[in-house]
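*Asks:* Before I ask anything, let me first share the structure, which is written out below as structure tokens.
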Amino acid sequence: MAVTTGTKLDAQRLRADFSYLEELANGKPVAYLDSAASTQKPRQVLEGMREFYEHSYANVHRGVYQLAERATAGYEGAREKVRAFINAPSVREVIFTRGATEGINLVAYGWGLDNLGPGDVVVVTELEHHSNFVPWQYVAKRTGATFAHIPIDDYGELQLDALDGIARSGNVKVVANNLVSNSLGTVNPVEKLAVWAHEQGAIMVVDAAQAAPHRLVDVQALGCDFLAFSSHKMCGPTGAGALWGRRELLEAMSPFNLGGEMIRSVKLEATSWNELPYKFEAGTPAIAEAYGFGLAIDYVAEVGLEAIEAHEHELAAYALEKLAELPWVTVYGPPADRRAGIVSFNVDGVHPHDVAQVLDWEGVAVRAGHHCCQPLMTRFGIAATTRASFYLYTLREEIDRLVAGVEKAKSALG
Ligand SMILES: Cc1ncc(COP(=O)(O)O)c(C=O)c1O
């Protein structure tokens, strides 16, 4: 791997690890600016997974033969990597999931259905991804709890002065917030919210899908109770993710999925649950994917989370500066010093999908749409944005190509 020195990473060298980034699109080098949706995968992860499938693959926790023991060691080794990556106190608190969405659903169903009722309040924010919005809205409705949200200001930042009013509206039991917004790149004050949540006697659920791949995440420093993220947004395979939860909460929770592996004993009359984390891992897990997730953690940790954050910050600041020169472009979200490597914008008179289409002709891949944040789009009075998102392999010249493509879209269609 192209290892970096100090806190500065060398994106050009890292790109050699990603085959797709060496290809051409429409005869032009690809500029993959859609890493918030999913990242490209380095050969270290792909080759490691292939090796695992060829030489260490069997079902886990079941066989006594050597191959099964190797598979179990690979799977459980990945769990320890996740634990260390987020500084969780215990490996038993780390549950493998299919991704952030499943992790949040696990908490909403497993904790919410047993602990919420009329008079209770579930609090989300106006800038949540649907994954951290819809499960809570649904479980609040099913249990009779009130569903409240923290509004945002015109910069897309949380209006914390709304908290007092929310506290007066009932027993706040859950606060759910993303650490970094996938639409706007807003970095949210989760530590502050966690303190407030605990003052109310609530749990703090953190969606770290857009944070864990890009900055150091420490569950103990955040002071949260649950935290979910996905492998595929950080150089790992799809179908894998992790949920961390405080042990005492996980111990007290009902299981989410039921079946093999998650049981201690099954009798005709009753079934008892396995110990943590297996109580929440019913059925055959995504074994090689979890292993690949561990390899992805190795990869991003070796590049360095601080270096990744600094690199993306520079790119975001540059993109904001260049887009600000175009008076017909509206950029949404906070200024560069309070945002991660995500830039959402609209071009006057050109639909976001058309902007994305013209950019594609230029070899620049961006996302256009509501980004699974319809309440946020409603707040800004729009249906969609064009979003460029950056990662450790993004180059400054790709921002120049983005801006040139936006100018082309405006002159052709605006
Ligand atoms: C902030 C945020 N939360 C949750 C998710 C859901 O992640 P996944 O689809 O990997 O479960 C995403 C995906 O885009 C996201 O950006």
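*Asks:* Quick one: is Ala211 within 16 Å of the ligand (Cβ to nearest atom), in contact with a Phe, Trp or Tyr (Cβ under 9 Å, 6 or more places away or on another chain) and part of a strand (DSSP E or B)?
*Replies:* So Ala211 fails the test.
*Asks:* Additional query: For the range 183-203, check the following and say yes or no: at least one residue is within 15 Å of the ligand (Cβ to nearest atom) and at positive phi.
*Replies:* Taking every residue of the range 183-203 in turn, at least one turns out to be within 15 Å of the ligand (Cβ to nearest atom) and at positive phi.
*Asks:* Between Ala88, Ala71, which is of a type in the set (Gly, Ala, Ser), over 20 Å from Gly239 (Cβ atoms) and more than 16 Å from the ligand (Cβ to nearest atom)?
*Replies:* Selected residue: Ala88, the only one of Ala88, Ala71 that is of a type in the set (Gly, Ala, Ser), over 20 Å from Gly239 (Cβ atoms) and more than 16 Å from the ligand (Cβ to nearest atom).
*Asks:* Failed condition for Leu250, given (1) part of a strand (DSSP E or B); (2) touching a residue at least 12 places away in the same chain (Cβ under 8 Å); (3) away from the ligand (no atom under 15 Å from the Cβ), with all others met?
*Replies:* So the condition that Leu250 fails would be (1).
*Asks:* Is there a residue being modelled with pLDDT of 95 or more and under 19 Å from the mean Cα position of the chain (by Cα) anywhere in the range 63-78?
*Replies:* Yes, some residue in the range 63-78 is modelled with pLDDT of 95 or more and under 19 Å from the mean Cα position of the chain (by Cα).
*Asks:* Counting only residues that are within 10 Å of the ligand (Cβ to nearest atom) and within 19 Å of Ile308 (Cα to Cα), which one in the range 214-233 is surrounded by the fewest Cβ atoms within 10 Å (Cβ to Cβ)?
*Replies:* His232
*Asks:* Taking the range 235-245 as the search range and keeping residues that are surrounded by fewer than 24 Cβ atoms within 10 Å (Cβ to Cβ) and of a type outside the set (Val, Ile, Thr), which one is farthest from the ligand (Cβ to nearest atom)? Give the derivation first.
*Replies:* To start, the set of residues in the range 235-245 that are surrounded by fewer than 24 Cβ atoms within 10 Å (Cβ to Cβ) comprises 237-239.
Restricting the remaining residues to those that are of a type outside the set (Val, Ile, Thr) gives 237, 239.
On the way: Pro237: 11, Gly239: 9 Å.
Among residues in the range 235-245 that are surrounded by fewer than 24 Cβ atoms within 10 Å (Cβ to Cβ) and of a type outside the set (Val, Ile, Thr), the one farthest from the ligand (Cβ to nearest atom) is Pro237.
*Asks:* Going through the range 23-44 one residue at a time, which ones are under 23 Å from Ser230 (Cβ atoms) and in a loop (DSSP other than H, G, I, E, B)?
*Replies:* Residues satisfying the conditions are Val30, Leu33, Ser35, Ala36, Ala37, Ser38, Thr39, Gln40, Lys41, Pro42.
*Asks:* Moving to a separate point now. Mind listing just one residue for me: the one in the range 375-414 that is hydroxyl-bearing (Ser, Thr, Tyr) and open to solvent by less than 50 Å² (accessible area, probe 1.4 Å) and, of those, nearest to His130 (Cα to Cα)?
*Replies:* The qualifying residue nearest to His130 (Cα to Cα) is Thr385.
*Asks:* Mind listing whichever residues of the range 182-208 are of a type in the set (A, V, I, L, M, F, W, C), open to solvent by 40 Å² or more (accessible area, probe 1.4 Å) and in a helix (DSSP H, G or I)?
*Replies:* Listed by number, the list holds a single entry, Val195.
*Asks:* Looking only at residues that are part of a helix (DSSP H, G or I) and over 18 Å from Ala36 (Cβ atoms) in the range 331-374, which one is least open to solvent (accessible area, probe 1.4 Å)?
*Replies:* Just the residues of the range 331-374 that are part of a helix (DSSP H, G or I), to begin with: 336-338, 352-361, 374.
Going one step further and asking which of them are over 18 Å from Ala36 (Cβ atoms), we end up with 337, 354, 357-358, 361.
Working: Asp337: 114, Asp354: 73, Gln357: 82, Val358: 11, Trp361: 141 Å².
Ranking the qualifying residues of the range 331-374, first place goes to Val358.
*Asks:* Is it true that some residue in the range 95-113 is of a type outside the set (S, T, N, Q), in a loop (DSSP other than H, G, I, E, B) and away from the ligand (no atom under 16 Å from the Cβ)? Steps first, please.
*Replies:* Initially, the range 95-113 is screened for residues of a type outside the set (S, T, N, Q), giving 95-96, 98-100, 102-104, 106-113.
Restricting the remaining residues to those that are in a loop (DSSP other than H, G, I, E, B) gives 98-99.
Checking which are away from the ligand (no atom under 16 Å from the Cβ) leaves us with none.
Within the range 95-113 (the criterion being of a type outside the set (S, T, N, Q), in a loop (DSSP other than H, G, I, E, B) and away from the ligand (no atom under 16 Å from the Cβ)), the answer is no, since none of the residues qualifies.
*Asks:* Within the range 120-149, count every residue that is among the charged types (D, E, K, R), out of contact with any helix residue (DSSP H, G or I) (no Cβ under 7 Å at 6 or more places or on another chain) and within 24 Å of Ala36 (Cβ to Cβ).
*Replies:* 1
*Asks:* Oh, and also: May I ask you to list the residues in the range 144-195 that are within 20 Å of Leu227 (Cα to Cα) and of a type in the set (Ser, Thr, Tyr)?
*Replies:* Ser181, Ser183, Thr186, listed by residue number.
The values are calculated or read from the model by the stated rules, or taken from the named source; none is laboratory data. For clarity, every value in this text was computed on a predicted model and none was experimentally measured. In this analysis, Cβ positions are derived from the backbone assuming ideal geometry, glycine residues included, and neighbour counts consider all displayed protein chains. Note: areas computed on protein heavy atoms with side chains; ligands, DNA, RNA excluded. Shrake-Rupley method; radii C 1.70, N 1.55, O 1.52, S 1.80 Å.
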